[in-house]
Structure formats: structure tokens, C-alpha cells
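Okay, structure first, notes after.
The values are calculated or read from the model by the stated rules, or taken from the named source; none is laboratory data. Quick caveat, the model's predicted, so the values are computed rather than measured. Note that each Cβ is placed from the backbone with ideal geometry, even for glycine, and that neighbours are counted across all protein chains shown. Each accessible area value is taken on the protein alone, full model and side chains, heavy atoms only, with ligands, DNA and RNA left out. Shrake-Rupley method; radii C 1.70, N 1.55, O 1.52, S 1.80 Å.
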Amino acid sequence: MSQQGYVAAPPYSQAQAGMGGYSAGFGNPPPQSHYGAYGSPPQGYSAPPTGVLKPPASSPSGMPPPPVSSQYGANIQQNGAHPHSFPPPVASAPSMSPYGQPPQSAFHSMAQAPPPTQQLTNQMSAMNIGGYGKLDGQRPMQVPQSPSSSAAPQQYQTSPPLAMGHPLLFLPGQQPSSLGSPPPMATMGSMAAPPMGMSGPPRPGVHQPPLGPQGYPQQPGGFPGGPAQMAGPPQKKLDPDSIPSTTQVIEDDQAKRGGQVYVTNIRGQVPPLVTTDFTVQDQGNASPRFMRCTTYSFPSTADLAKQCKVPLAAIIKPFATVPKNETPLYIVNHGETGPIRCNRCKAYMCPYMQFIDGGRRYQCGFCSCVNEVPVQYFQHLDHMGRRMDLYERPELSLGSYEFIATLDYCKNNKPPNPPAYIFMIDVSYNNIKSGLVKLICEELKTLLDRLPKEEGAETSPIKVGFVTYNKILHFYNVKSALAQPQMMVVSDVAEMFVPLLDGFLVNFQESRAVVNNLLDQIPDMFADTNESETVFAPVIQAGVEALKAAECSGKLFIFHSSIPTAEAPGKLKNRDDRKLVGTEKEKTLFQPQRGVYEQLTKDCVAQGCCVDLFLFPNQFVDIATMGDVPSHTSGSIYKYSNFQVEVNGPQFVSDLRRDVEKSIGFDAIMRVRTGTGFRATDFFGAIYMNNTTDVEMAAVDCDKAVTVEFKHDDTLSEESGAVMQCALLYTTIGGQRRLRIHNLSLNCSSQLSELYKSCETDALINFFAKSAYRAMLTQPLKTVREILVNQMAHMLACYRKSCASPSAASQLILPDAMKVFPVYMNHKNARLLIVKQKDQSEMLFRQHLVEDKGLHGGASYMDFLCYVHREIRQLLT
């Protein structure tokens, strides 16, 4: 099946024929049937399920009634070009026009304003198309003649564009071979030149750009219309509107799918963009807030996957925030027996299990093993073979839900204790002088009232503790019975221990007065310090030891300023060698120094201790090493170079508030199970892995995502599709052990066109970004960049070769679902900081000024698009 992808062109104010999928100003809107159950009114759920703890929230996206059609058998109709039939335009012989005047065309009498075709001519005049010399191997093309002309069709030859020229771009949804009447072109003489194109029925709204800017012919061996050859207006630059716009794509998707109800009862359904505001109604597949895939139609064979080079991956965000207008996850309690699982693959009960033999057995949807149904779980089947209680059990009708775990899922078969937050503040000279320590203490007074808590609870069960440090550590006893906080100092950092147990980790509500008293005193206690040396590894070790003593999991909030140079375990040296940038040894700059930090990572994960690092450096800090522990304990790293309270304070306070308040789980283990034919092979994220299957996370919050890559084991069935299940075992902030389950089913196809049509750019960029981050540790940045561009070119070349309609080699054709993919791969995000003249940040701004386009030869969007186009053409030849 041949399909035409997106061929970039400038947007117009007039409606264009054949531009399906765009909002007002871009042709007729698509019919509502394009997304199956989209737009259907949500149906309520009346009877509360037995054995289910139903969340208090009620919303249109609650549990659904039985659907009319099969839940997982239907395929969604995808977006694409909408064919229309139009009569061919009447082409008239081009008339001569005096020099300096716009050329006359068949459209001249239709309207006073330039028609769309003329706009295209004007906006894309800088695209270089070769002259009319005969090109070897090129077949001549026939140009439609005017009805008034009795002459036979003339033969014209085409030649390739100049090496420096921009590619020829067309409108989305249009056949490259479908051209309108030949545009006239005025020259110094009186001869008009025909366009370059392919034979085929012409369509209105598609106009071939003239061969040179301002209607001048292409000059051999140089740029068209150069001043040495011809006088006239200067050459125009390419209009940025002629290339795909990320903003336009985002706005189009919001206009088309924003505000709609996204129902998950259709297998392989491509969700709206992550930037689109929509409501999810769970009917058997996990919400795209929890799981997104790089493509929602997997290739059926490994050979197809190798041919297209599109990575097969899922972005799993198990703790994603659920909007208030959507139903929270249902909690299922099976009592002492625990959740129902497949005896062979250990997959948890889900909508993909098929009940047979009158409901006494079920066949696993992942490994096809037939299992006996436990007596307490038995239920009769209806005339369609479905359980009578199908819509009373979330695990049988929803894509996402939770099980309450039994003691078998707990460490040492004991219920866990509530977690703790420990705030560890660097009180060395730099942090005191900048005002950071005072800012932190003032903010914590109010922030501790907003610690995460269970749904419906009045207070948070999380305990808090406080440590200050420079090259020694200070622990504080803030027991509620004390009138003043007590400090205990540990100067022997080589053998770190916690000097007190009772009174270090406390409930903030009970010890509020003592804690606030401590936060008032800390800035004054160290106001006159001259100590600039710091330790780092012993700080993390102290936090882990404190959590071990309390037999709980938790999180460390470390506020640090400089590279740890004090004599202690984990001491680091300045290894900032700019001479290595751009060389084979550049990768060593990003590799962490192992040793003590590697062991710290293992200790933190084993204890369920997450580390969040807030860095405030004025000079080099070894982030590669200091950030290694946060990067493997599901932590976060925040960096504020040359911190100034007036400039960076608001951003830091905002980051700290979100980091403390967001929902979170601790001591988590995640496993991804798949159906037969493919398996999870690689995992990316702030995770730790002791083996090839279990993803260990000291903590998991609403911002953390794990990227999972899949490979084929065998041929996938197009009938049954591809199914996957993410099971996350974690401890709640209330100290309860739970299993969170997310299920997703995808299509499988032997047609690459289906794969490209179902691609999801947001997930693709996530995968490539994390892949590049990992590759930086073993290869130079230049090599990593070349690998990424090469794979992208292969993906687009395969689309053009296998899926797109035949077209001129000079055209850059992009799949509609990936039309802004090159934009994200090239750059266009960093935080915007406005610097005024004589501002404090001006000196920092001056340090980043360079004379070329970028430190590593970064290209503009247009240059990069042209480079990718050349790569694709080379691959095709």
C-alpha cells in the first residue's frame, strides 16, 4: 500500500484542497469517525464493584458499561491524506512581461490578491532547481497544454538542484506527481520556462516553485540570478513558514483532539500529543499518561523492524499524575490469597486473560498457559464467554489498577514503616555568603506543612530529620519534648555513623516548635564561617545509616555548593580538561569515578533511599560523579550555576516545593512482561538493575519515567497483536505495600506504512534522548550525534522507499506522524534567561558568546533539514 507523507510547505490563509487533518484555514475538518469511539458521550457506572475499594472521586471517565463491540479486536482508522477529486486546471500559455514586473499566469484574473499558488511561488523562490540540461537516466515529462493550444505536448527535461540549494517541498497529502499548470517565468528575454515535475493528473492548490528566485532562470555553475549575470532584485531567503513548525503541529493537535474523551477500548490507538489537553476513559488499556509507545503498530517480523530502524519502545511513567476530572486508580484487595497470577509467566490478572471451560480455567494472554481459577475467584460466563462480574472487577475491565500486596511481597515478611525525608544543608562559606542557607531555612518552615499524604488524610505520616555539614557533619535532635534543638557533631567522616536515634527523625506536626526554632538558628550559627572545604560521600552515607536505624525507606535532599575536596571518602579532584573536548577522550569527562560512589548506590537502592541533589556551583563540580548516586536511585539533579538569591531564588524555591510535595512511592521494583514473539531487552532511566529483568528504584514519583526497548523473538501475530504489562511493587507513604499494574495492547502489521502511520514523536524523542545520554559515556559526542542523524535518515529513507508515492528525488518527504521529528533531533530546549545590559548575569552571558554557529558545529533548522535530505538521497541511491 502506497501512501504520501508530509511534504513541507508554507501555511496559507486560504483553504487548501487535500490537506486532511488540519483545522480551520487548512481545508475541511476530518470526519468524526477517524478515531473510533472518540467524542462519544461518557457513560456512567452505577453499581459499585464488590471487593473493590472505590475512590471517592466521581467523573465521566469512571468504569464503563459493557461496550457494544469487541474491546480489543477493532483497529483504529488513522490520520492521513484525504483524497479528493478535482477537475484539472486550465493551463494557458504564459505571457511575456516586462523586466521587473511579476509574471502573468492563468490565475491572474481570478482574484486581486495572490492565489495560493502564487504565494507558494513567492515564499519558496529560493529553492534551487537545476537548469534544463538533459540529465542522464531522467525521463522527459509532459506538461499539460492549454485548451486553446493545438500543439502537441512539449517534452521537458529536469536536472537536479544545486548542491547548496534547498530541497523542493510540497503540501501535505498531495501527490508529488500531481502538478498544476506550468508557471510562467519572466526573464531578460521573452521566453517563459516550464516547471519541473512528474506526469500525472494535475490538482488545484499545488503549484511548482519557479526555477529561480524572482522568476529568473537558473545559471549554470553558480547561484541563480547572480549580479554578475543578471541585474534584478536580490535573492530571497527561504521563508521559515515553508518548513514544518512544532508550534503549528501542537496547535493543530490541540484544536483537533483537545477537550475530547480518549477512550482506551481500541487496540493500537495513537493518543493525542503530550501537549494536548484531553480526558482519558480507561476501558481496558492503560492511559497514555502512564504508557506511550514509539509506534502503536509493531512490525510483525524482526526483518521489518531491522529494515525500518524505528525503535520499538515504551515510555512507562507508572506514577503519572491523574487529573481531577479522571477517576483515580481502583484498589483491589484479594485478602490473604493475594493477586491472581499466571502459573508460568507470573503475569497478573488483566483484561487479556481468556476464561474458558465455563469459567473454571483461564488462558494467559501473554504466554497462552491454561491456569485453574481459584475457588474463591470463580464466576460463571455469559453467552459471549465473558465473566458475569466482568465490570465489577477492575482487573478484568481496566487497563490500570492496584492490588494490595500480602506479606509475601514485604521485606522479611514484615509490613514497612512510613518513609522519612532528611534535609542535608551545606553550610560552607559560599552557601552562607550567597544567602542560600537562609533561603532554604525560611522556605522549609512553610514547606514542611505540605508534605505528601494519603488520600483523605489530614496529616502526612512522613518523618523529617536535619543535618548540616561542611567538612564535618552536624546532627540535630528535634524531639518534641525539648525546649531547644540539640546539636551532635561527627568529625570522623571516614567511619560515618549516626550519633542519635531517638529524636533525629520526628513527626513535624508534633515537633513543629523545635524544628522552627532550629531553622531560625542555623543561618546565625554559621554566619561567620570561613570553611570552604566540603565532604559529599559521607553525607549520603549518614543519610543511609539513619534510614537503616529507623528501618524505613526515604529521601535525602542534599543542598551542595562545591566539589568535595576535604580529606574523606569520596574526595574528588578537578578533572575539567577542555583540551579533551572534541577528541576521542572526550567521553572520559562524562564517566563517573567509581569506587565509594558505586557502593553508595548499592546501599541506597537496597535501603530504598532516594537522593535528590541541588547543586549551587561557582566553578567546576564533577557532576558526572556526584550525580551518579541520584541517577541510579530514581533521584533528581538540579543545578544553579553562580547562584544569586535575586536571580535564581524563585526558580530554586519553585523546584524545591514541587520536589517535596509531589506524590511518591518508595522501595520499588518494576517488571515488564510481554506476549510471545517479543521481549523487553533494555531499560533507560534513573534506575538500578541487578539482573536483566528487575528494575529497582529506591523511589518512584510522578515525574519519573522508564524507557523500555523491545526486540523480536519470533513472528508476531497480526490477529492477536502485541500485549505488555508493567507491574510495579512499591511502598506507599502510609507504609502499605502495593502492586500497581498497567496493561497495553498494540497492533502488529506486515505493512511498514501502518508502522509509520502509528508513530509517536514524543516517545521517539524520549527514547533517542536517553539512548544518547547513555552513549555519551562510551563514545565522543560527535560520534553520538552522527549515529543519531544516521538512524533518523535511515528511518525516513525507508519510509520514502517503502511507503511514499513515487516522487522526484529533490523532494524531502516526511511521514505525517513524524514531520517535526527532525526539529527535535537537531535541537530548538533551554531555559530562557533575559539579560539586561549591566545586569549581574551579563558577565556569564559574555562567557558563552562564540563566533560560529555553535561549539560543536550546530546547524540551523533549515541547514539540518537539508543535511538530512542529502543523507536520505544518498541512502536511496
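Annotations for the structure displayed:
- Take the Cα of ASP449, go 7 Å toward its beta carbon, and the backbone nitrogen atoms of region 478-495 under 20 Å from that spot belong to 480.
- Across region 504-518, computed HN-Hα scalar couplings (Karplus, 6.51 cos²θ - 1.76 cosθ + 1.60, θ = phi - 60°) run 7, 9, 9, 7, 4, 4, 7, 10, 4, 5, 5, 5, 5, 4, 4 Hz from first to last residue, x flagging Gly and Pro.
- Protection proxy ranking, peptides 660-671, 370-381, 612-623, 308-319, average beta carbon neighbours within 10 Å, highest first: 308-319, 660-671, 612-623, 370-381
- Spin-label pair ASN413-ARG512: with each label point 7 Å from Cα along the Cα-Cβ axis, the two points sit 4.2 nm from one another.
- The alpha-carbon of LYS414 sits under 13 angstrom from the alpha-carbons of these aspartates and glutamates, leaving out residues fewer than 8 places away in its chain: GLU551.
- Taken over the Cα atoms of region 427-662, the convex hull encloses 134 Å³ per residue.
- Relative contact order (percent, whole number), region 523-659, Cα cutoff 8 Å, 6+ residue spacing: 25
- Its alpha carbons give region 610-719 an Rg and a Dmax of 18.4, 61 Å.
- Scoring 556-566, 517-527 by mean Cβ neighbours within 10 Å over their residues and listing the highest first yields 556-566, 517-527.
- Distance-filtered residues of region 515-543 - backbone nitrogen under 16 Å, label point 7 angstrom along GLN484 Cα→Cβ: 515-526
- A Förster radius of 45 Å combined with the Cβ-Cβ distance from ARG575 to ARG671 puts the calculated FRET efficiency at roughly 0.75.
- Separation between Cα centres of region 709-737 and region 676-706, rounded to whole Å: 11
- Length available on full extension from CYS369 to LYS548: 0.36 nm per residue minus the Cα-Cα distance, which gives 60.3 nm.
- Summing +1 for each Lys or Arg and -1 for each Asp or Glu among the other residues whose beta-carbon sits under 11 angstrom from that of ASP449 gives +3.
- On full extension, the segment bounded by MET388 and ASN790 gains 139.4 nm, given 0.36 nm per residue less the C-alpha separation.
- Distance between the 7 Å Cα→Cβ label points at PHE378 and ALA772: 5.9 nm.
- For a straight C-alpha distance cut-off of 19 angstrom, the lysines reachable from LYS256 (same-chain residues fewer than eight places away being disregarded) are LYS757, LYS819.
- Count Lys and Arg as plus one, Asp and Glu as minus one, and take only other residues whose Cβ is under 14 Å from that of LEU788; the net charge is then +3.
- Carbon plus sulfur fraction of accessible area for region 427-662, probe 1.4 Å, in percent: 46
- Solvent-accessible surface of protein heavy atoms, probed at 1.4 angstrom with all chains present, puts ARG774, ARG267 in the order ARG774, ARG267, largest first.
- Over 20 Å between alpha carbons, listed pairs LYS463/LYS662; LYS463/LYS555; LYS309/LYS801; LYS548/LYS602; LYS411/LYS548; LYS471/LYS602: LYS471/LYS602
- A Förster radius of 51 Å combined with the Cβ-Cβ distance from GLN593 to LEU876 puts the calculated FRET efficiency at roughly 0.65.
- Accessible surface of GLU531, taken over heavy atoms with a 1.4 Å probe and every protein chain present, rounds to 50 Å².
- Region 711-827 shape via C-alpha gyration tensor axes, a/c threshold 1.5: oblate
- All C-alpha to C-alpha distances of region 340-399, sorted into 10 Å bins beginning at zero, yield P(r) values of 25, 61, 14 percent in whole numbers.
- Average accessible area per residue (Å²) across region 340-399 - probe 1.4 Å, nucleic acids and ligands excluded: 47
- Overall form of region 503-632 per C-alpha gyration tensor (a/c, 1.5; a/b vs b/c): oblate
- Cross-link partners of LYS479 among aspartates and glutamates (Cα-Cα below 13 Å; sequence separation of 8 or more within a chain): ASP502, GLU510
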